[in-house]
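Heads up: the structure comes next, in structure tokens.
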Amino acid sequence: MLQVFEHTDDLLLTCQFPVSSIIMIFDCNQATAKHIGKLFNTSFKHSFSLLRDAYAIRISQLHVLNCPPMVEKLISVVRPLMHEKVKKRFAIHRDTDWLVKNLHAKVLPSDYGGNLESVRDYMGMWKEIMMENSDWFRAQENVKIVGTPPKKIERFINNIGIEGSFRQLNID
């Protein structure tokens, strides 16, 4: 799934009209504990780090719908440790009312109370676009760094946008 997400972002960079930021909506309606567990594996952390540090497209908002109670509790523990910018862009919603009211129906799929086509229709369109570009994706997998990549110099920030450590945990 992460590879599909990364390929989609790569294609967005080649659009006729430039895309400078995106609003992400994750619907956890059918998420299982196994899905949630995969969010904390190394591959996801590296992909998130790549998205944060290397991609030209900025995530302006991240909305999570139908979040399981277990995940809401986990997020409430981690939220105070998040970087301030990440906190401002991140929101959890129990239903689609906030999305329709604040993002407007004209930019939402019909599944979420919007006027656009359904998510299933968009998935079909994107699958077709991915297949049309499969040769390009295969070629990208063979691209390698030549030489030594430059060392990254910055203060300690771990792979998921959380600063500091758990030695001082402030919970409101």
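The values are calculated or read from the model by the stated rules, or taken from the named source; none is laboratory data. Predicted, not measured: the structure shown is a model, and the values here were computed from it. Reconstructed Cβ throughout: ideal geometry from the backbone, glycine too, with neighbour counts over all protein chains shown.
Side notes on the structure shown:
- Here Ile25 meets the list (1) outside any strand (DSSP E or B); (2) at pLDDT 75 or above; (3) within 11 Å of the chain's Cα centre (by Cα) almost entirely, failing just condition (1).
- Lone unmet requirement of (1) on the phi > 0 side of the Ramachandran plot; (2) at pLDDT 85 or above for Gly164: (2)
- Tallying residues that are surrounded by 14 or more Cβ atoms within 10 Å (Cβ to Cβ), in contact (Cβ under 8 Å) with a residue 40 or more places away in the chain and not β-branched (Val, Ile, Thr) within the range 69-104 yields 5.
- Test for Ile153: is it in contact with a Phe, Trp or Tyr (Cβ under 9 Å, 6 or more places away or on another chain), in a loop (DSSP other than H, G, I, E, B) and either hydrophobic (A, V, I, L, M, F, W, C) or at pLDDT below 85 (or both): no
- Of all residues assigned to the range 126-144, at least one qualifies as being at pLDDT 85 or above and among the polar types (S, T, N, Q).
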